[in-house]
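Down below is the structure, laid out as structure tokens.
The values are calculated or read from the model by the stated rules, or taken from the named source; none is laboratory data. As the structure is a prediction and not an experimental result, all values here were calculated from the model. Every residue, glycine as well, gets a Cβ built from its backbone with ideal geometry; the counts of neighbours run over all protein chains shown. The accessibility values were calculated without ligands, DNA or RNA, using every heavy atom of the protein model including side chains. Shrake-Rupley method; radii C 1.70, N 1.55, O 1.52, S 1.80 Å.
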Amino acid sequence: MQTILETTFGERYGTPPTHLARAPGRVNLIGEHIDYAGLPVFPMAIQREVRIAFRPREDGLVLAATTDPAYAPCHFEVGRDIEAYEDGDWGNYLKAAVQGTVRAYGLERGFDAVIQSTVPVAAGLSSSSALVIATALALSGSNDAEPDPIELAELMADAEQYVGTRGGGMDQAISSGGRAGCAARVEFDPLRVEPVPVPTGWKFVVAHSLVQAHKSGGAREGYNRRRAETEEALARVVRHLEMRETEVRSYRDLLQGTTSSDALAAGESCLEGDLLKRFRHVVTEGARVVRAEAAMRGASMDGFGMLMNGSHASLAEDYEVSIPELDDLVSLAREGGAVGARLTGAGMGGCIVALAPESTVGRVVDRLAGGFYSGRGWSGSLEDHMFVAEPSEGASVARM
Ligand code: NG1
């Protein structure tokens with residue numbers, strides 16, 4: 001039986017597709033808003049993914065359509081300097097990937113494509129990076145190139161800045177380099193993805209707040225401002241500690257030269273207001289990631305859950321990226337028996353992630369369904385908004 005991708009491709013281009021590229025979305029388990037500070041984060045690739053059925057072309061055109069009528073088809077020429085569509089146009093993610101891949105590998109042949117995604121959009125689950133990685137694989141596959149997954153992730157983290165958000169690189173790394181059954185510690189500069197097996201019986205529930213946070217639109221300003229604030233806070237602390245600005249260029253550098261508690265004390269004495277809050281979040285979240293990895297390796301579910309709770313409090317109070325809907329979901333998940341829950345992704349909308357033992361996960365889901373989703377307007381099935389995330393394999397491309 002033909003899949004919807006194959007049927008749509010045949011109807012549109014009159015031939016069957018020859019290849020399939022896929023790239024997963026991700027849920028970040030802990031380590032939020034610190035990838036751009038150079039600190040390790042702890043995400044997991046999930047079963048929701050972007051799939052691109054494609055066929056290489058003889059010329060340099062990219063023709064793309066999706067199985068979702070909300071997204072208009074687009075076409076453009078492969079090149080090193082591709083002019084962007086209007087702000088907010090989904091096609092800019094394709095252009096970002098193509099331009100970045102061409103600049104790195106000098107590829108010339110384009111492709112015909114049909115795209116399908118099961119990653120909710122603007123939900124903090126990295127639908128955009130999954131699309132970017134899958135597109136880069138489609139272009140590479142069309143030109144018989146086989147980029148290394150980590151190198152590709154690094155390239156695409158830069159390439160995605162084409163849409164105007166200066167992201168940190170976590171999403172591309174885990175979408176490209178994730179391992180089935182594992183979460184991962186992602187380190188930066190140089191990029192490293194170190195798989196950590198998720199213990200049996202740990203279940204991560206993802207639930208959407210029904211509020212979208214569009215990073216190609218409104219949420220971009222909030223994201224970029226936070227990033228600028230953390231940089232400003234760092235510069236002041238470095239001056240206060242009389243460290244050399246050329247040697248301490250990130251929070252990672254800072255925390256290699258001083259302990260978290262000394263860094264916090266320095267922040268308290270030279271920062272105030274929002275800058276102090278942003279600084280405190282980054283430093284404490286960095287410490288939570290280290291402890292969370294140890295908790296997962298030691299199968300301490302309560303330990304991991306406690307750190308997730310601490311992360312949410314810090315994101316809500318110090319980083320100020322939560323909203324009432326996310327706070328409600330977090331409280332309900334805990335009431336339902338989750339050992340920990342937090343907003344995941346950039347916040348300002350999007351999803352929460354909650355950790356529960358397998359025996360309790362049904363209660364968590366019921367509590368969220370009854371306490372949050374019933375009585376609110378939403379379309380589709382409840383599974384579109386809330387699901388149990390499975391630790392999944394990173395992106396791949398294969399002949400169909
Ligand atoms: P989401 O929530 O998927 O938009 C963004 C950034 C990440 C990271 C998180 C916050 C992009 C592509 N992604 O992710 O790099 O900074 O926010 O932890 O900008």
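Observations, loosely collected:
- Solvent exposure, largest accessible area first (probe 1.4 Å, DNA, RNA and ligands not counted), of VAL330, VAL365: VAL365, VAL330
- Using a probe radius of 1.4 angstrom, the carbon and sulfur fraction of the accessible surface of the range 232-337 is 47%.
- When peptides 295-301, 152-158, 332-338 are ranked by their average number of other Cβ atoms within 10 Å per residue, the highest-first order is 152-158, 332-338, 295-301.
- Charge tally around ASP189: other residues with Cβ under 12 Å, Lys/Arg +1 each, Asp/Glu -1 each, net -1.
- For the range 4-53, the solvent-accessible area works out to 25 Å² per residue, with a probe of 1.4 Å and every protein chain left in place.
- Of GLN212, GLN256, GLN99, the one that fluctuates the most in a GNM where the chain has Cα springs shorter than 10 Å: GLN256
- Among the protein heavy atoms of the range 4-197, carbon and sulfur supply 47% of the accessible surface, probe 1.4 Å, non-protein parts ignored.
- Normalised per residue, the volume of the convex hull around the Cα set of the chain (Å³): 136 Å³
- Among THR246, THR101, THR15: highest mean-square fluctuation, GNM of the chain, C-alpha pairs under 10 Å: THR246
- For the chain, built as a Gaussian network whose Cα springs stay under 10 Å, the top-fluctuating residue of LEU276, LEU131, LEU241: LEU241
- The range 92-107 - phi-based ³J(HN,Hα) in whole Hz, Karplus 6.51/-1.76/1.60, Gly and Pro as x: 5, 5, 5, 4, 4, 5, 5, 4, x, 5, 5, 4, 7, 10, x, 7
- Structure-based [θ]222 nm, the chain - -39500 (n - 2.57) summed over DSSP H runs of at least 4, per residue, nearest 500: -13000 deg cm²/dmol
- Backbone HN-Hα couplings from phi across the range 251-266 [Karplus 6.51/-1.76/1.60, Hz, Gly and Pro as x]: 5, 4, 4, 4, 7, 7, x, 7, 7, 4, 5, 5, 5, 5, 4, 5
- Report note on the peptides 355-362, 287-294, 43-50, 176-183: ranked by the mean count of other C-beta atoms within 10 Å, highest first, their order is 43-50, 176-183, 287-294, 355-362.
- Additional length obtainable on full extension of the chain from ASP158 to HIS214, 0.36 nm per residue less Cα span: 18.3 nm
- Database remark: amide H of GLU49 closer than 5 angstrom to the amide H of GLY25, THR118, VAL119 (H placed geometrically; neighbours at sequence offset of 5 or more, or on other chains; Pro and chain starts carry no H).
- Remark: the range 287-301, residue by residue, has Karplus-estimated 3J(HN,Hα) of 5, 5, 4, 4, 6, 5, 4, 4, 5, 5, 4, x, 6, 8, 5 Hz, where x stands for each Gly or Pro and the curve is 6.51 cos²θ - 1.76 cosθ + 1.60 at θ = phi - 60°.
- Relative contact order (percent, whole number), the range 4-197, Cα cutoff 8 Å, 6+ residue spacing: 27 percent
- Value of relative contact order over the chain, rounded to a whole percent, pairs C-alpha under 8 Å and six or more apart: 23 percent
- Assigned charges on the beta-carbon of Lys, Arg, Asp, Glu; the chain dipole about Cα centre (debye): 620 debye
- Taking trypsin sites (Lys or Arg not before Pro) across the range 348-400, the ones in a DSSP loop with at most 14 further Cβ atoms lying within 10 angstrom of their Cβ are ARG376.
- Loop-located chymotrypsin sites (Phe, Trp or Tyr not before Pro) in the range 62-127 whose Cβ has at most 16 other Cβ within 10 Å (DSSP): TYR71, TYR85
- Scattering from the range 4-197 was approximated by placing one identical point on each alpha carbon and applying the Debye formula without solvent; log10 I(q)/I(0) at 0.12, 0.17, 0.18 1/Å stands at -0.53, -1.07, -1.19.
- Farthest positive-ward along the range 4-197 dipole, Cα basis, beta-carbon charges - from LEU61, SER117, SER142: SER117
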